[in-house]
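**Q** Provided herewith is a single structure, encoded as structure tokens, for subsequent inquiry.
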Amino acid sequence: MTQSEFEELEEMPVIIRRLAEGLNDEEARRKPAADAFSVVENVCHLRDIEVDGYAERIKRMLSEEEPFLPDLNGAQLAVERRYNEQELSAALDAFAAAREGNLLILKGLTPDQLARRGNFEQSGAITLSRLLEMMREHDAAHLDELRALRRTLDRVPGSSGVASGQR
């Protein structure tokens, strides 16, 4: 993983904070469609995937020989954990803390450790290095979704109109 790629992972919580800045509670919970995530749901999803997904997978790939890494059903978690009823600021803080913890572990890994393998439920055999690429891809997809959602919210009459975090 290059320094630039590592920095992308590191900057994610900051960028999301900017995208959520200035939203009132109703805006943060507004869903653009019945099957889409609100801002709050996106952040809760990122938090739980960071903790229950990536942290667990990293730990297991470093401590076990080719562990099976189950996939997580994000839509199911959103319903079961009632994401849209949770507090945005608490979810943001928890995501930032979880990401920081993961990055502390990842920062000191050797090339041999990054080459360790696991069997990801949907993807088959992957290396720890590939898992980090998947983290970046997942982040990018949610940033795109959050940016589009923010643009929509900024166009709604009576909403905050703050276009923070646009990159």
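**Q** Cβ-Cβ under 9 Å, sequence separation 6+ or interchain: first residue in the range 1-15 and closer than 21 Å to residue 115 by Cα and in contact (Cβ under 8 Å) with a residue 24 or more places away in the chain, partner small (Gly, Ala, Ser) and surrounded by 11 or more Cβ atoms within 10 Å (Cβ to Cβ). Which pairs?
**A** Within 9 Å, the pairs are 1/129; 8/140.
**Q** I'd like to verify a number: residues in the range 57-74 that are outside any helix (DSSP H, G or I) and either hydrophobic (A, V, I, L, M, F, W, C) or at positive phi (or both), how many? Please lay out each step first, then the result.
**A** Looking only at the range 57-74, we keep the residues that are outside any helix (DSSP H, G or I), and these are 64-73.
If we keep only those that are either hydrophobic (A, V, I, L, M, F, W, C) or at positive phi (or both) too, we end up with 66, 68-69, 72.
Going through the range 57-74 one residue at a time, the tally reaches 4.
**Q** In the range 1-38, what count of residues is obtained for those that are closer than 17 Å to residue 79 by Cβ and surrounded by 17 or more Cβ atoms within 10 Å (Cβ to Cβ)?
**A** Taking the range 1-38 first, the residues closer than 17 Å to residue 79 by Cβ are 29, 31, 33-38.
Imposing the further condition that a residue be surrounded by 17 or more Cβ atoms within 10 Å (Cβ to Cβ) reduces the set to 29, 37-38.
Looking only at that region, the number is 3.
**Q** When the range 94-135 is examined, which residues are found to be of a type outside the set (A, V, I, L, M), more than 20 Å from residue 40 (Cβ to Cβ) and in contact with a helix residue (DSSP H, G or I) (Cβ under 6 Å, 6 or more places away or on another chain)?
**A** 102, 116, 118, 129
**Q** Then there's this: Give just the number: which of (1) assigned to a helix (DSSP H, G or I); (2) in contact (Cβ under 8 Å) with a residue 24 or more places away in the chain; (3) under 16 Å from the mean Cα position of the chain (by Cα) does residue 113 not satisfy?
**A** (3)
**Q** Does residue 101 meet the test of being surrounded by 20 or more Cβ atoms within 10 Å (Cβ to Cβ) and either of a type in the set (Phe, Trp, Tyr) or closer than 20 Å to residue 1 by Cα (or both)?
**A** no
**Q** What single numbered condition from (1) in contact with a strand residue (DSSP E or B) (Cβ under 6 Å, 6 or more places away or on another chain); (2) exposed (fewer than 14 other Cβ atoms within 10 Å of the Cβ); (3) under 23 Å from residue 16 (Cβ atoms); (4) of a type in the set (D, E, K, R) fails to hold for residue 66?
**A** Here residue 66 meets the rest and fails (3).
**Q** Please go through (1) modelled with pLDDT under 95; (2) not in a loop (DSSP other than H, G, I, E, B) for residue 34 and return the number of the only condition it doesn't satisfy.
**A** That leaves (2) as the condition not met.
Listed here are the residues, each with its yes/no results for (1) part of a helix (DSSP H, G or I); (2) in contact with a Lys or Arg (Cβ under 9 Å, 6 or more places away or on another chain); (3) loosely packed, with under 12 Cβ neighbours inside 10 Å; (4) touching a residue at least 40 places away in the same chain (Cβ under 8 Å).
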position	(1), (2), (3), (4)
76	yes, no, yes, no
91	yes, yes, no, yes
125	no, yes, yes, yes
150	yes, no, no, yes
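**Q** While we're on this one: Being among the charged types (D, E, K, R) and within 17 Å of the chain's Cα centre (by Cα) is the filter; apply it to the range 66-81 and report the residue that is farthest from residue 128 (Cα to Cα).
**A** Among those that are among the charged types (D, E, K, R) and within 17 Å of the chain's Cα centre (by Cα), it is 81.
The values are calculated or read from the model by the stated rules, or taken from the named source; none is laboratory data. None of these values were measured; they are calculated from a predicted model. When we count neighbours, we look across all protein chains shown, and the Cβ atoms used for this are built from the backbone with ideal geometry, even at glycine.
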